[in-house]
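Reading through the structure tokens given below for one structure.
The values are calculated or read from the model by the stated rules, or taken from the named source; none is laboratory data. Remember, it's a predicted structure, so these values are computed and weren't measured experimentally. Because the Cβ atoms are built from the backbone with ideal geometry, glycine has one as well, and the counts that use them run over all protein chains shown.
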Amino acid sequence: MNTTLSSRERVNRAIERKPHDRVPRYDTFWDDTIRRWEGEGLRGGREGALRALGADMRAVSPFHWPSPFPGREEPVSENTETRVFKDEWGATLRLFKDHQTTPEHLGWECDSPEAWHAGIRARILRGGAAIDPGPCMEACARADAEGKWRYLTAVEPFECLRKLVGDEEMMMGMIEEPEWIVDMAAVTTARTITDLERLMDAGVAADGLWIYGDMAYNHATLCSPAAYRSLIWPQHHRLCEWAKKRGMKVIYHTDGNVNAVLDLYVEAGIDVLQPLECKAGMDLGQLVPSHGDRLSFFGNIDVMVLIRGDLGEIENEISAKFAAGMRNKGYLYHSDHSIPPQVSWDLYQSIINFVQDYGSYG
């Protein structure tokens, strides 16, 4: 296809697995990565990196958390290396001060059905300050001027429950208190939809809904497919149905190995799966033949290969993954995780060149 498309047209056609000109591009970066790159000559921060990539997407809403204590970051203690605080979900966390990493969870306020019903449930439904539509409208206008594919962001219920009660309590609750799990999933989803509706009622427009939540580890999903289907899946379907009624595609971000639930994702209405972690056994070479007629795929470029920094190995990674993903025309470029700070700015510019070289359908 020789016709040059707008980014919006390109992304939509890739999601629908229709002919288009080149692989759509997008990426995410650790904060530490952007800081490193700015010291190595990057101009414009995260936006500058996306411009250099030729990114086809733009977020038009802030990352949405349907939390019970919006904006809370209440100090508990600190030392020279770490700080402990209570967050907006009622979790007590420990973080390092000098670098970005996954926080250590020390406890949760919502540690039982009783605590949930005593006040946290009502706080989530009541919500906090509404998302300001002004900056979202400005982001829409900018995306429209650039021809970018516009997306809303939201956190899906599996991740919300992990934030509210922690992995261990959630897994136990799925077996011992399934009604509690179902209610928390339904309430957080209701709040998410309410807040997104307010944005759309104010005039914010989007081409897609990108929902985030990690429901797997490197071997399998954190719960059985049956538990997912009965307890969480109805709310995934609800989010997808809401988006489809408003003309939006749905991207689902989940880390880990989710091969066992791909059919359930299709049934829920998910259009695109991202980021397809290589170290968790997600492989475009298997995904495209098995589900490429029903799902589009976004990612699967192994960051561990990028970290090693061997240009020949990186070129082989990108060329092989692009060949596999482009077979059904339903592939979008992204790393299989956010780009880490071990990748230099010079190296990332070489990665961009490989993406350009191997991503054309012409």
Handout entry: Residues (within 20 Å of THR192 (Cα to Cα) and either modelled with pLDDT under 95 or buried (at least 19 other Cβ atoms within 10 Å of the Cβ) (or both)) located in region 171-182
Key = TRP180, ILE181
Problem - Count - residues of region 107-139 that are closer than 14 Å to MET200 by Cα, among the small types (Gly, Ala, Ser) and crowded, with 16+ Cβ neighbours inside 10 Å - result: 1
Practice task
With respect to GLU168, determine if the residue is of a type in the set (Asp, Glu), without any contact (Cβ under 8 Å) to a residue 24 or more places away in the chain, farther than 27 Å from ASN12 by Cα and in a helix (DSSP H, G or I).
Solution key: yes
Practice task
Check region 240-260 and report whether any residue there is on the phi > 0 side of the Ramachandran plot and either of a type outside the set (Asp, Glu) or in contact with a Lys or Arg (Cβ under 8 Å, 6 or more places away or on another chain) (or both).
Solution key: yes
Problem - Enumeration of residues in region 100-140 that are closer than 26 Å to HIS253 by Cβ and part of a loop (DSSP other than H, G, I, E, B) - result: GLN100, THR101, THR102, PRO103, CYS110, GLY127, GLY128, ALA129, ALA130, ILE131, ASP132
Handout entry: region 192-227, residues that are in contact with a helix residue (DSSP H, G or I) (Cβ under 7 Å, 6 or more places away or on another chain) and free of Cβ contacts under 8 Å to residues at least 40 places away in the same chain
Key = PRO225
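How many residues are at positive phi and either without any contact (Cβ under 8 Å) to a residue 24 or more places away in the chain or crowded, with 21+ Cβ neighbours inside 10 Å (or both) if we restrict to region 261-300?
Residues that pass the stated criteria total 3.
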Problem - Within region 141-160, tally of residues that are assigned to a helix (DSSP H, G or I) and either within 21 Å of LEU53 (Cβ to Cβ) or among the aliphatic types (A, V, I, L, M) (or both) - result: 6
Problem - Entirely in region 251-312, the helices (runs of 4 or more DSSP H) that have 2 or more residues that are over 22 Å from CYS240 (Cβ atoms) - result: 284-291, 303-308
Practice task
Restrict the check to region 83-99 and report whether at least one residue is without any contact (Cβ under 8 Å) to a residue 60 or more places away in the chain, under 21 Å from PRO135 (Cβ atoms) and in a loop (DSSP other than H, G, I, E, B).
Solution key: yes
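Condition check ((1) more than 28 Å from TYR361 (Cβ to Cβ); (2) among the β-branched types (Val, Ile, Thr)) across all residues:
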position	(1), (2)
HIS236	yes, no
HIS253	no, no
LEU284	no, no
SER296	no, no
LEU311	no, no
ARG327	no, no
ILE339	no, yes
Exercise for the section: Would you check if THR102 is surrounded by fewer than 21 Cβ atoms within 10 Å (Cβ to Cβ), farther than 30 Å from SER350 by Cα and not assigned by TED's automatic domain parsing to the domain that holds ASN328? Expected result: no
